[in-house]
Amino acid sequence: MVKALYDGRLAVDIAGLKMATPVTTGSGTFGFGLEFTDFLDLEKVGAVTVKGTSLEPAAGNKGQRAVETPSGMLNCIGLENPGSEYFLEHTLPELKKYNVPVIVNIYGHTPEEYGAVAKKLDVDGVDAVEINISCPNVKEGGIVFGTVPEAAAEVVRAVKANTGKMVIAKLSPNVTDIVVMAKAVEAAGADAISMINTLLGTKIDIERQRPVLGNVTGGLSGPAVRPVAVRLVYQVAQAVHIPIIGMGGIMCAEDAIEFMLAGASAVAVGTANFVQPDIAETIAHGMLAYLDRHNAQNISEIVGLALPNGKASMPLFNDAV
Amino acid sequence: MVKALYDGRLAVDIAGLKMATPVTTGSGTFGFGLEFTDFLDLEKVGAVTVKGTSLEPAAGNKGQRAVETPSGMLNCIGLENPGSEYFLEHTLPELKKYNVPVIVNIYGHTPEEYGAVAKKLDVDGVDAVEINISCPNVKEGGIVFGTVPEAAAEVVRAVKANTGKMVIAKLSPNVTDIVVMAKAVEAAGADAISMINTLLGTKIDIERQRPVLGNVTGGLSGPAVRPVAVRLVYQVAQAVHIPIIGMGGIMCAEDAIEFMLAGASAVAVGTANFVQPDIAETIAHGMLAYLDRHNAQNISEIVGLALPNGKASMPLFNDAV
Amino acid sequence: MSKTIASAKVIGQRVLNSTTKLINVYTPEIADEAVPGQFVNVKVCKNTAPLLRRPFGVAGVNKAEGTITMIYRIIGEATHILADVCSGDELSIVGPLGHGFDMSAKKPLLVGGGLGLAPLLFLAEGFGEGNTDILMGGRSAEELFWTKLYESLSKNIYLTTDDGSVGTKGTVMALLPQLLKEGGYDCVYVCGPVPMMRAVANACLEAGVKCQVSLEKYMACGLGACLSCACEGIGKRIKVCKDGPVFWAEEVGEW
Amino acid sequence: MSKTIASAKVIGQRVLNSTTKLINVYTPEIADEAVPGQFVNVKVCKNTAPLLRRPFGVAGVNKAEGTITMIYRIIGEATHILADVCSGDELSIVGPLGHGFDMSAKKPLLVGGGLGLAPLLFLAEGFGEGNTDILMGGRSAEELFWTKLYESLSKNIYLTTDDGSVGTKGTVMALLPQLLKEGGYDCVYVCGPVPMMRAVANACLEAGVKCQVSLEKYMACGLGACLSCACEGIGKRIKVCKDGPVFWAEEVGEW
Ligand SMILES: Cc1cc2nc3c(=O)[nH]c(=O)nc-3n(C[C@H](O)[C@H](O)[C@H](O)COP(=O)(O)OP(=O)(O)OC[C@H]3O[C@@H](n4cnc5c(N)ncnc54)[C@H](O)[C@@H]3O)c2cc1C
Ligand SMILES: Cc1cc2nc3c(=O)[nH]c(=O)nc-3n(C[C@H](O)[C@H](O)[C@H](O)COP(=O)(O)OP(=O)(O)OC[C@H]3O[C@@H](n4cnc5c(N)ncnc54)[C@H](O)[C@@H]3O)c2cc1C
Ligand SMILES: Cc1cc2nc3c(=O)[nH]c(=O)nc-3n(C[C@H](O)[C@H](O)[C@H](O)COP(=O)(O)O)c2cc1C
Ligand SMILES: Cc1cc2nc3c(=O)[nH]c(=O)nc-3n(C[C@H](O)[C@H](O)[C@H](O)COP(=O)(O)O)c2cc1C
Ligand code: FES
Ligand code: FES
């Protein structure tokens, strides 16, 4: 690259991870990235976060795995994945052909297992690991690590001890006080936080009188949850010093900017990839327009402006008429 | 009434509170009921649950108090109300002209204050009190009573000690484990549970770079939250023995039935009153049609059918084609 | 005065300028009841997003034909959808809502800006042809399709634009003091942006002329039930949707 | 074979029966690429509700005119909206998706029921006029608009209805065994309700005739990314949207 992408105006550095745009992808919503190359240029995505990967292959849940809800969807994939071995042998070499950072979302059933996956993935071509301690769809592990601060911290420590990569802890919204969780993973050494994973929900088929999803409950994502996600980012941003990757219902550049104003240093698009498969690239253009409109040079300048202690806020445009 | 409303097919008895239909109204979304008499017959609503009432009048929050979100809305009214005195003097006499049960939603800043309001409202014309221990929009009280089991129990006990009316405890969804909360209020003597109150959320105006709501955060309601609400009802219904009044995003009869299949013995319509001011009556007709379709005599027969131990489930209609 | 939920058939709509449209809908129950200053609450589609109804002032009524007119700015999700509805489509409309203007003035002056000119149009109609004067302020000539709408209703039309592209340069305040002094008006009716309404109300109080303002607050229900629109009035809490949207200037404690 | 997101203009749609419509849209990129058995993923409006795209089989293509045809049942939120779109409206369409049918059969028999007959129509077109026989099952005469659609494409049309109102009374299984024995077919292509596909696949396996099935699973992405549609294949996990929707009967481990 002779010239930085977008003149470097969208470049961000998340705890050492250099991204050409602040936009990554929600794990599990972008496959391994390769499924989307017909629609966008992977190198114009800030980073590709791939599907949750475990030590061994996993088949996930039986029965119906997804269903739409008002402005959202429930899923109970149950972390189906081909396993770390397969990923390293077949997927990573393909991803390495692209000049884009790769974040691997990982999960295990015990802290040791998390550590083992992290160690396995401590290879060239993987730029960061994101610890999924918040999946509502697997019984062992998953949600408990995401709701008990000490359990979460233990997982983070196990991963940190086993990798030289940057470590992101992904938080669950299904807690009374997310700030406690955020502080716990920060203290345990997480380099960044990503949030939010899905909200636990369910849907009942009233004619069959049974839950629609094979796993009974599933994770709610999409625009429906955005107000909750922005609120949680807003709270955590005031409590921790490590960067936040914000997500939950981002459908367009404006939504992404909302998260950044609330304190996220980067964002991820999840469910939106299903609706608009080129969205992870498209958002960059909307961000540039926003920077122009607000006379800002770099996207980092807007991070946290809406917070109470909101560093220099920019002049108020668009006064109510 | 010579003939019971709807031949009694929709009649339910919630811990002694007899309702002609299982449909009541979400507190704060139906005013004092009187605002809706142009649109529906109040006597065809199962019960009227009125706006949260406190000992003294309260002015609520400043600034913008509501904003739409995808398939939902945020509000930060902040429990503005004219106070219990005014309610007893001016509103209750009006409501008493209708042959419909009245549930008064109450809140206070201390357990003693909750008790005092309950005592004041222990009068003829009030059929039940609903304890709001879950309002996200007031700083003192409100949410803390809704997230700490012992605090919730204390409020319930204070109210029970001060009223002869049926007591409903209204739960907050903003907790890690709602079952613990439900069991706490049950053990403290609550006669019924209503759930859910709103999810805490926020929205940021990206041009003004400030939160939209005067109170920064607000409560998310409407169809967006329905999957979360149904999941919570489904969990609590398996854990307690007192009846549940289910709510959160009900827009039509089908949605109401979803809650009842998940274990709610009655339901409340909230945000939907703003969209379709006759909805609390209209839903009854959809319920009758459902009973006919499923060869059921009384609406109570469908309560909890979708639960795992789902009492006798009815034959499966509508098989996937 | 009773309110209804009506399924109103769209009769037609037309473009007023690049961001403003006028729509006529058939809804005899509401047309029969509505008085100037009242508004309606419109659901633009059946989906859950957009979820809430949107409030629009009644800009005119044809009782004979059973229609009402709304004039709206295409600004966000719902108004974009509204701009696409076709003749024959049905809209769910709740109304009429709120309280209208006091109609006892002998010599009324209407003052409006932006979409505030929509409810005032119905007011001009209510006072009858040639019985009102109107002072309107806009950003530029682009907004002056309004003069065409008022031409046949008001006697004198006074104009100001921020850029001076038509009429007097400045805000309505550039003309108002003189009009109040020399026009012999016994009541001023103002609807527009808050700074305009506040300035006009103050000028009227000073000049000893009665003044009614039409407030706008974010509304969820429009029925007085949700308290989204509640604010401080002098000595009491008021709900803009139910106690208003029209208030005497001196009733307003919080703009 | 590359996929696109296209903004496709609606050319027109027509009613096939009380709950079924046929729609033509102009989308040359997809028309150029699509082969029988593939599907497209359609966003019916810009709102966030309905949120997800909806998958529909490609029921026909006119490469010369750049159009594709879909046939759909009006069943829920999205298809109700789709039924209301007008000529000239734009739909966002992602496609073509998945893998098509194997086209190497010399004497193909198509077997379908319900909307499964939509993708088979394109398959009949693909084999060329008069080169396919079709066995179709329906509930009653109401569904038999399909015969009209196949008339000019397939040579023999065999019919069964549950109620016997047209054709043979019963399911397709009332005729299939005999057809397999006497028809000389070298491959059967089946698309319809799961019980039908399973029965047909078993009968084919027994009769030693090759058989392709087109599966339907709830899909969120249609791109192989979300695993909503993943299920057990023989010896490996398969994604219906990407590895299918067409599979050889013996690949399917879980219906
Ligand atoms: C009593 C009253 C009368 C009105 N009369 C007119 C009129 O005659 N013509 C006209 O063009 N506009 C009128 N408005 C404003 C109109 O309601 C908003 O422009 C409309 O709701 C915007 O909807 P949207 O989905 O297109 O935009 P959104 O994207 O929802 O919002 C755009 C802007 O409109 C404001 N707004 C949105 N919803 C509401 C609401 N429910 N209540 C108040 N403000 C809202 C938002 O705060 C935002 O600033 C009136 C408002 C009120 C309260
Ligand atoms: C590969 C494939 C091809 C299809 N081809 C056709 C076709 O040619 N013609 C046709 O009429 N239908 C077809 N369908 C089914 C069609 O996708 C659904 O009928 C449609 O999505 C219903 O949308 P709705 O909003 O109207 O109904 P909803 O209210 O969303 O659902 C109604 C029913 O459709 C099912 N459904 C909804 N969304 C999906 C989805 N994303 N994927 C799978 N099932 C879903 C639901 O489980 C439910 O039983 C196909 C489905 C798949 C997976
Ligand atoms: C189908 C699906 C699969 C997901 N799989 C994972 C996963 O494997 N690991 C993980 O940490 N999060 C997973 N998520 C959560 C998303 O990464 C994201 O946190 C969440 O969906 C919120 O973002 P959104 O609303 O933009 O989708 C999944 C979400 C969906 C919808
Ligand atoms: C504008 C508004 C005001 C509310 N006020 C109260 C209240 O005073 N007390 C209370 O317990 N709940 C209050 N709620 C919560 C509702 O009663 C209900 O629990 C919640 O909105 C979920 O239901 P819904 O999604 O159907 O609206 C309020 C909700 C809204 C939208
Ligand atoms: S908008 Fe609900 S009270 Fe005024
Ligand atoms: S629908 Fe997403 S993988 Fe098949």
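Charge tally around B:L95: other residues with Cβ under 13 Å, Lys/Arg +1 each, Asp/Glu -1 each, net -3.
Restricting the trypsin sites (Lys or Arg not before Pro) of the stretch C:57-130 to loop positions (DSSP other than H, G, I, E, B) with no more than 15 neighbouring Cβ atoms within 10 Å leaves C:K63, C:K106. Across the copies of the chain, B:R293 has label points (7 Å from Cα along Cα→Cβ) spaced 4.3 nm apart, shortest distance listed first. Taking amide H positions as modeled 1.01 Å from N, with prolines and chain starts lacking one, the residues under 5 Å from C:T20 and 5 or more places away or on another chain are C:I74.
Can you give the FRET efficiency for B:E43 and D:R139, using 1/(1 + (r/R0)^6), R0 = 45 Å, r = Cβ-Cβ distance, to the nearest 0.05?
Values: r = 44 Å, r/R0 = 0.97.
After rounding, the FRET efficiency stands at 0.55.
The distance from the alpha carbon centre of the stretch A:165-244 to that of the stretch A:283-302 is 27 Å, rounded to a whole number. When accessible surface is computed with a 1.4 Å probe, chains B and A are found to bury approximately 4200 Å² between them, both chains counted.
Between the helical axis of C:194-207 and the longest alpha-carbon principal axis of chain C there is an angle of about 40 degrees.
From the C-alpha coordinates alone, can you work out the Kirkwood hydrodynamic radius of the protein assembly as shown, in Å? Each step should come with its number before you reach the end.
Working: mean 1/r = 0.0314 Å⁻¹.
After inverting the pairwise mean of 1/r, the radius is 31.8 Å.
A cut-off under 12 angstrom between Cβ atoms defines the neighbours of A:S84, and their net charge, with Lys, Arg +1 and Asp, Glu -1, is -2. For D:K9, a cut-off of 19 angstrom between C-alpha atoms picks up these aspartates and glutamates, skipping any fewer than 8 places away in its own chain: C:D84, D:E29, D:D32, D:E33, D:E65, D:D84, D:D89, D:E90. Restricting the stretch D:22-62 to trypsin sites (Lys or Arg not before Pro) that sit in a DSSP loop and have at most 11 other Cβ atoms within 10 Å of their own Cβ leaves D:K46. In a shell of Cβ-Cβ distance under 12 Å around C:A207, excluding C:A207 itself, what net charge do Lys and Arg (+1) and Asp and Glu (-1) give? For residues surrounding C:A207, the net value is -1.
Over all directions, average the projected area of the Cα convex hull of the stretch B:204-274 and note it in nm².
Details: hull surface 24.3 nm².
Seen from a random direction, the Cα hull of the stretch B:204-274 projects 6.1 nm² on average.
For chain D, find the longest principal axis of its Cα atoms and tell me its angle to the long axis of helix D:117-127, 0 to 90°, nearest 10. For helix D:117-127, the angle is close to 80 degrees.
Position B:T37: other-copy label points at 7.0 nm, ordered by increasing distance, label point 7 Å along Cα→C-beta.
Express the C-alpha Rg of the stretch C:4-97 as a ratio against the empirical globular expectation 2.2 N^0.38 Å, rounded to two decimals.
On the way: Rg = 12.0 Å, N = 94, 2.2 N^0.38 = 12.4 Å.
Ratio of Cα Rg to 2.2 N^0.38 Å: 0.97.
Dipole orientation for the stretch C:108-251: of the candidates C:S152, C:T132, C:C191, C:C191 has the Cα lying most toward the positive pole (charges on Cβ; Lys, Arg +1; Asp, Glu -1). The alpha-carbon of C:K236 sits under 16 angstrom from the alpha-carbons of these lysines, leaving out residues fewer than 8 places away in its chain: B:K62. For trypsin sites (Lys or Arg not before Pro), the sites in the stretch B:39-83 that DSSP calls loop and that have at most 16 other Cβ atoms within 10 Å are B:K62.
How big is the dipole moment of the stretch A:185-321 about its Cα centre under a simple scheme where the beta carbon of each Lys and Arg is +1, that of each Asp and Glu is -1, and everything else is neutral? Debye, nearest 20, please.
420
Filter the cross-link list B:K203/D:K3; D:K3/D:K46; C:K21/C:K63 down to pairs whose alpha-carbon distance in this structure exceeds 28 Å. Present the calculation step by step, with values, prior to reporting the outcome.
Details: B:K203/D:K3 36 Å; D:K3/D:K46 21 Å; C:K21/C:K63 21 Å.
Exceeds cut-off: B:K203/D:K3.
Any idea which of B:Y234, B:I302, B:A284 is furthest toward the positive side of the dipole for the stretch B:205-308, if Lys and Arg beta-carbons carry +1 and Asp and Glu beta-carbons -1? After comparing all options, I get B:Y234.
The alpha-carbon of D:K106 sits under 19 angstrom from the alpha-carbons of these lysines, leaving out residues fewer than 8 places away in its chain: D:K155, D:K181, D:K210. Heavy atoms of the protein chains alone define the surface here; on that basis the stretch C:4-97 has 37 Å² accessible area per residue at 1.4 Å probe size. Charges were assigned to the Cβ only: +1 to each Lys and Arg, -1 to each Asp and Glu. The resulting dipole of chain C about its Cα centre is roughly 340 debye. Starting from the Cα of A:K183, move 7 Å in the Cα-to-Cβ direction to define the label point; list residues of the stretch A:236-254 whose amide nitrogen is under 15 Å from there. Within reach of a label on A:K183: A:236-242. Would any residue of the stretch B:43-64 have its amide N under 20 Å from a label point 7 Å out along Cα→Cβ of B:N298? List them or say none. B:44-47, by backbone N distance to the label point.
Between A:Y107, A:C76, A:I133, the Cα set farthest toward the positive side of the dipole of the stretch A:73-139 (charges on each charged residue's Cβ, about the Cα centre) is that of A:C76.
Taking 30 Å² as the minimum loss, tell me which residues in the stretch D:228-242 lose that much accessible area going from the chain by itself to the full protein complex (1.4 Å probe). With the partner chains in place, the stretch D:228-242 has these residues losing at least 30 Å²: D:S228, D:R237.
Mind grabbing the interface size between C and B? I mean buried accessible area, both sides, 1.4 Å probe, in Å² to the nearest hundred.
Numbers: alone 11560 and 13710 Å², together 22870 Å².
Looking at C and B, the buried total is near 2400 Å².
The fraction of Cα-Cα pairs per 10 angstrom bin, counted from 0 for the stretch D:108-251, comes to 12, 41, 33, 13, 1 percent, rounded to whole percents. Helix screen, chain B: DSSP H segments with Cα axial length of 15 Å or more and mean Kyte-Doolittle hydropathy at least -0.5 are B:149-160, B:226-237, B:279-293.
Charging the Cβ of each Asp and Glu at -1 and of each Lys and Arg at +1, and nothing else, the dipole of chain B about its Cα centre rounds to 400 debye. Please report the residue of chain D with the smallest beta-carbon distance to the D-to-C rotation axis, and give that distance in Å, no decimals. Closest Cβ to the D-to-C rotation axis, residue and whole-Å distance: D:A49, 2.
The values are calculated or read from the model by the stated rules, or taken from the named source; none is laboratory data. All of these numbers come straight from a predicted model, not from anything done at the bench. So basically every Cβ, Gly included, is an ideal-geometry build from the backbone, and we count neighbours across all protein chains shown. Quick note on the areas: whole protein, heavy atoms, side chains included, nothing else; ligands and nucleic acids left out. Shrake-Rupley method; radii C 1.70, N 1.55, O 1.52, S 1.80 Å.
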